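Here's the structure we're looking at; comments come further down.
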Amino acid sequence: MTDNTYNGWTNYETWRVKLEMIDNFADVSYLAPDFDRDDLKQHCTDLLDEEFKTLEHVPVQGFGRGYAYAFLDAVNWAEIERALVRDYEEDQQYQQEAEC
């Protein structure tokens, strides 16, 4: 059996989407505190669609787009959802402690 975990995440795709699309690019705060994996996936897919609109002049757009969507399909959205809920709860606890 092959171990596909990456940096403590299910796989490379999950780690990379959480790091680059969620943490550094996508504003998902409007989903808090009820993060939903389907909403997260749709939000990231929408971001990808917007990015491809800016690349319409690139001749391999269809080829690259297929790989990008396959990459998103490999993401463990439930794991990202759990991490976001945990992060949100930790932020709330930190804010409550700071107010005291």
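In segment 75-93, the residues that are within 14 Å of LYS41 (Cβ to Cβ) and touching a residue at least 24 places away in the same chain (Cβ under 8 Å) form no Cβ pair under 6 Å with any partner that is assigned to a helix (DSSP H, G or I) and of a type in the set (Gly, Ala, Ser), whether six or more places apart or across chains.
Listed here are the residues, each with its yes/no results for (1) under 24 Å from GLU51 (Cβ atoms); (2) not β-branched (Val, Ile, Thr).
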{"position": "TYR6", "(1), (2)": "yes, yes"}
{"position": "GLU13", "(1), (2)": "yes, yes"}
{"position": "ILE22", "(1), (2)": "yes, no"}
{"position": "LEU31", "(1), (2)": "yes, yes"}
{"position": "ASP34", "(1), (2)": "no, yes"}
{"position": "ASP38", "(1), (2)": "yes, yes"}
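Each residue in segment 25-47 was checked for being at pLDDT 80 or above and part of a helix (DSSP H, G or I), and 11 pass. Tallying residues that are more than 12 Å from GLU79 (Cα to Cα) and touching a helix residue (DSSP H, G or I) at 6+ places or on another chain (Cβ under 7 Å) within segment 1-24 yields 4. The set of residues in segment 1-24 being surrounded by 11 or more Cβ atoms within 10 Å (Cβ to Cβ), over 23 Å from PHE63 (Cβ atoms) and under 10 Å from the mean Cα position of the chain (by Cα) consists of THR14, TRP15, LYS18, LEU19, ILE22, ASP23. The lone criterion from (1) part of a helix (DSSP H, G or I); (2) at pLDDT 90 or above left unmet by VAL75 is number (1).
The values are calculated or read from the model by the stated rules, or taken from the named source; none is laboratory data. A quick note: this is a predicted structure, and the numbers were derived from the prediction, not measured. In this analysis, Cβ positions are derived from the backbone assuming ideal geometry, glycine residues included, and neighbour counts consider all displayed protein chains.
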